[in-house]
């Protein structure tokens with residue numbers, strides 16, 4: 001099972017520490033499911049955590065007000081296509 005999916009389960013259960021741990025493993029493994037981090041409502045409780053914000057930044061997502069086309073390039077590099 002994908003570490004990101006495990007992180008989704010922990011997030012839904014309200015276990016922030018375990019969710020962040022598994023999402024970090026997903027990042028390390030370059031799991032394509034990381035693309036859902038910014039949009040999935042199960043992560044609402046994590047969005048204020050600085051560790052989650054750092055993870056989202058590292059995979060190339062930025063707030064809408066700061067978007068430029070560089071985020072596409074960074075994401076493609078992250079998944080090994082750029």
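The values are calculated or read from the model by the stated rules, or taken from the named source; none is laboratory data. None of these values were measured; they are calculated from a predicted model. Using ideal geometry, Cβ is built from the backbone for each residue, glycine included, and neighbour counts are taken over all protein chains shown.
Descriptive notes on the structure:
- Of all residues in the range 68-82, those being modelled with pLDDT of 80 or more and outside any loop (DSSP other than H, G, I, E, B) number 2.
- Segments classed as helices (runs of 4 or more DSSP H), wholly inside the range 1-67, with at least 3 members that are modelled with pLDDT of 90 or more and buried (at least 16 other Cβ atoms within 10 Å of the Cβ): 3-13, 16-28
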